[in-house]
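Participant: Please find one structure pasted underneath; my questions will follow.
The values are calculated or read from the model by the stated rules, or taken from the named source; none is laboratory data. For clarity, every value in this text was computed on a predicted model and none was experimentally measured. So basically every Cβ, Gly included, is an ideal-geometry build from the backbone, and we count neighbours across all protein chains shown.
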Amino acid sequence: MNEIRHSVDKNAKVEYEVCVVCKKKTDVRIDEPITRRYTYIEGAGQLCPSCYKKLIIDAKTR
Ligand SMILES: [Zn+2]
């Protein structure tokens, strides 16, 4: 008998970053490198796409 056990970690929870502005959960994983996050602002933190857009548009109209 050859018993194969796959060790699937059912308790492995993927943590996601929270938007620093609206505190909503983003789709960016906590283990995602900062350089690969396109809605991350240095010095501010992780933003959700809508807040990021708002901030960028806001910064441009100022
Ligand atoms: Zn937000």
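Participant: If the Cβ limit is 8 Å and pairs must be 6+ apart or interchain, which residue in the stretch 40-62 that is under 16 Å from GLU17 (Cβ atoms) and of a type in the set (A, V, I, L, M) pairs with which residue that is away from the ligand (no atom under 14 Å from the Cβ) and modelled with pLDDT of 95 or more?
Facilitator: Every condition considered, no pair remains.
Participant: Tally time: how many residues in the stretch 42-62 are touching a Leu at 6+ places or on another chain (Cβ under 7 Å) and either at pLDDT below 90 or exposed (fewer than 10 other Cβ atoms within 10 Å of the Cβ) (or both)? Show your work before the answer.
Facilitator: Pass one, the stretch 42-62, residues touching a Leu at 6+ places or on another chain (Cβ under 7 Å): 47, 55.
Subset that is either at pLDDT below 90 or exposed (fewer than 10 other Cβ atoms within 10 Å of the Cβ) (or both): 55.
Here the count works out to 1.
Participant: I need the full set of residues from the stretch 21-40 which are within 8 Å of the chain's Cα centre (by Cα) and of a type in the set (Ser, Thr, Tyr), in order please. Steps first, answer last, please.
Facilitator: Residues of the stretch 21-40 within 8 Å of the chain's Cα centre (by Cα): 25-30, 32, 37.
Matches in the stretch 21-40: THR26 only.
Participant: In the stretch 32-51, which residues are more than 14 Å from the ligand (Cβ to nearest atom), within 17 Å of GLU15 (Cβ to Cβ) and of a type outside the set (D, E, K, R)?
Facilitator: PRO33, ILE34
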